[in-house]
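What follows is a short report on a single structure.
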Amino acid sequence: MTEKLPQSRHLATEIPGPLSTAAMQRRSEAVSGGLGTAIPVIIKRASDAILEDIDGNRIIDLGSGIGVTTVGNAAPLVVERVQAAVAAFTHTNFTTAPYMGYIEVCEALNRLTPGDFKKKSLLQNSGAEAVENAIKIARHYTKRPAIVVFEHAYHGRTNLTMALTAKNVPYKEGFGPFANEIYRMPMPYSYRWVGDQTTISEDALKMVTTKIEKEIGAHNVAAILIEPIQGEGGFIVPPKGFLPGLSKFATDNKIVFIADEVQSGFARTGDWFAVNNENVVPDMIVTAKGIAGGLPLAAVTARAEIMDSSHIGGLGGTYGGNPIACAAALAAIEIIESEKLVDRARHLEEILTTSLKAIAAKHPEIGEIRGRGAMIAIELVKAGTKDPNPELMGKVIKYCQSKGVLILTAGSYGNVIRFLPPLVITDELLADALDVLTEAFDAVA
Ligand SMILES: *Cc1c(COP(=O)(O)O)cnc(C)c1O
């Protein structure tokens, strides 16, 4: 096996360097213009929290490929298991000829997800595909049509999941018509909530449950689908009590309560799943991103009676639960457990929030610091107001990139900087990245 890259930032050229710039030209000739680029460099190698580009720059990765490489990029155990798995066999299709990796990933999911009832799982390729299957299964089980979703939600880019997603540009614009029987509810986004902060949970719950009862009819609702911490929407954390109240309403009305933990799951928030924080036990939980150390895998895990509702052949797909991705997932789960990455996420929260508070003390453009564990964001506004400040966000991100720090953005108003470092990032490397961020604010704010 090749040696790990040094876990330090290094600028060999400007960013982007000449080789990346030339390659990006080829990219624009060959690749669909519908795809964006966060940082215009071409990656050659990566280890843990360092990306090395073809010009020899070593960039600190605070995005983990959108919350995917939780256990580190090219984590040695993942690489070893993947190499063994790919040499053993590449594919059979699980519904054609089963294999143990698939079964073992399902066993692990059933064990790790909250709820002491009997659970079963289904594996798919992507978060969106898993969300689609969750909705299919909930409708089949309840024999009801309606799906309840929330403002600022993100659930994917397929036709059904675009309809479930809140934000129009860029996700939905011009891509309709969309699926029907989807109802969007107010989200208690505390920073922008106009009502009383002390009763936000009760007030939001009342609004949501009244709307469900009056506008849909609770008996028509198959599922309530929510991200326990909203990801693309800008790391919006529901106020205490909201998720438990929603879950109780779902249970009382025989509605399947689905947690989309695609971004917030797998140790990211300092718990195995974000719902653990308030002891919420969803009927169904959707996972992807951090599940398999970078390989494409996603899952639906739910009460056994829900997962068994479908007739044989009703669920499936060619690649879902590919054996190589399953080997990677088992390795990633082993790493999260043995390296205590759940605790490590809480430790990273402290480092992140300490630095961010220090920056915010100097820069009133940081309206709010929020999130949990290693899923932390800052919302940028015009000083003294709550008006979104996407211009400043752009400048800060660009400055950081030019110094070799990759940071992602988010938010319904395009004004949120989000931090999703690999959980194995060293304290020193994270501190270096946060020094660059501090410098960026001092330079451009
Ligand atoms: C990324 C994401 C999805 C979609 O996952 P893909 O693998 O990109 O299809 C769904 N839900 C949430 C919360 C996500 O963050």
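No value in this document is a laboratory result; all are computed from the given coordinates. Just so it is clear, the structure is predicted and the values come from calculations on it, not from any experiment. Every residue, glycine among them, receives a Cβ derived from its backbone with ideal geometry; neighbour counts consider all protein chains shown.
Using every pair of separate Cα atoms, the Kirkwood estimate puts the hydrodynamic radius of the chain at 22.5 angstrom. A straight line joining the Cα centroids of the stretch 148-188 and the stretch 293-326 runs 23 Å.
The loop-placed trypsin sites (Lys or Arg not before Pro) in the stretch 99-148, going by DSSP, that have at most 11 neighbouring Cβ atoms within 10 Å of their Cβ come out as K118, K143.
Test of understanding: what is the full-extension gain from D442 to H219, defined as 0.36 nm times their sequence separation minus their Cα-Cα distance? That pair, D442 and H219, stretches by 74.8 nm at full extension. Does the stretch 249-341 classify as rounded, prolate or oblate by the C-alpha gyration tensor (a ≥ b ≥ c root eigenvalues; a/c under 1.5 gives rounded; else a/b over b/c gives prolate, otherwise oblate)? It is oblate, given that a/c is not under 1.5 and a/b is not larger than b/c. Distance between the 7 Å Cα→Cβ label points at T210 and R45: 6.1 nm. Hydrodynamic radius of the stretch 52-142 by the Kirkwood approach over all distinct alpha-carbon pairs: 16.6 Å.
How big is the dipole moment of the stretch 78-338 about its Cα centre under a simple scheme where the beta carbon of each Lys and Arg is +1, that of each Asp and Glu is -1, and everything else is neutral? Debye, nearest 20, please. Each step should come with its number before you reach the end.
Values: 23 positive and 26 negative charges, 96 e Å.
I would put it at about 460 debye.
Here the 3J(HN,Hα) profile of the stretch 350-358, calculated from phi with Karplus coefficients 6.51, -1.76 and 1.60 at θ = phi - 60°, is 4, 4, 4, 5, 4, 5, 5, 5, 5 Hz, Gly and Pro shown as x.
Sum up the charges of everything whose Cβ sits under 15 Å from the Cβ of L434, counting Lys and Arg as +1 and Asp and Glu as -1, but leave L434 out. List each step's numbers first, then the result.
Details: positive: R9, K357, K362, K403, R418; negative: D61, E349, E350, D427, E428, D432, D435, E439, D442.
Within the 15 Å Cβ shell, the charges total -4.
What residue among I258, I224, I15 shows peak mean-square fluctuation when the chain is described by a Gaussian network model with Cα springs under 10 Å? Its mean-square fluctuation being the largest, the pick is I15. Here the contact order of the chain, divided by its residue count and restricted to Cα pairs under 8 Å and six or more residues apart, works out to 22 percent.
Using 0.36 nm per residue of separation minus the Cα-Cα distance, give me the extension gain between L35 and V169 in nm, one decimal.
Details: separation 134, 0.36 × 134 = 48.24 nm, distance 1.35 nm.
So the chain would gain 46.9 nm between L35 and V169.
The stretch 270-292 and the stretch 391-438 have Cα centres spaced 25 Å apart.
Distances over 18 Å make up what percent of all Cα-Cα pairs in the stretch 175-312?
Working: 5666 of 9453 pairs.
More than 18 Å apart: 60 percent of the Cα pairs in the stretch 175-312.
What dipole magnitude, in Debye to the nearest 20, does the chain give about its Cα centre under +1 on Lys/Arg Cβ and -1 on Asp/Glu Cβ? With Lys and Arg at +1 and Asp and Glu at -1, about 820 debye.
Considering only DSSP beta bridges whose two residues both sit in the chain, what percent are antiparallel, to the nearest 5?
70 percent
Count the net charge of all other residues whose Cβ sits under 13 Å from the Cβ of Y413, scoring Lys and Arg as +1 and Asp and Glu as -1. Value of the local net charge: -2. With only Cα atoms counted, the stretch 289-445 has Rg and Dmax values of 19.7, 61 Å.
Note that the stretch 95-108 has calculated 3J(HN,Hα) couplings of 7, 8, 8, x, 8, 5, x, 4, 4, 5, 5, 4, 4, 5 Hz, one per residue in order, obtained from phi through the Karplus relation 6.51 cos²θ - 1.76 cosθ + 1.60 (θ = phi - 60°); glycine and proline are x. Hey, for a label at D435 modelled as a point 7 Å past Cα toward Cβ, could you say which residues of the stretch 331-358 have their backbone N under 20 Å away? It comes to 348-358, nothing else. Projecting the Cα atoms of I324, F175, T438 onto the dipole axis of the chain, where Lys and Arg carry +1 and Asp and Glu carry -1 at the beta carbon, places F175 farthest toward the positive end.
FRET efficiency for the pair D308 and T92, taken as 1/(1 + (r/R0)^6) with r the Cβ-Cβ distance and R0 = 25 Å, rounds to 0.60. Computed on the Cα trace of the stretch 78-338, the radius of gyration divided by the Kirkwood hydrodynamic radius gives Rg/Rh = 0.97. Extension gain for E14-Q83 works out to 21.4 nm (0.36 nm per residue, less the C-alpha to C-alpha distance).
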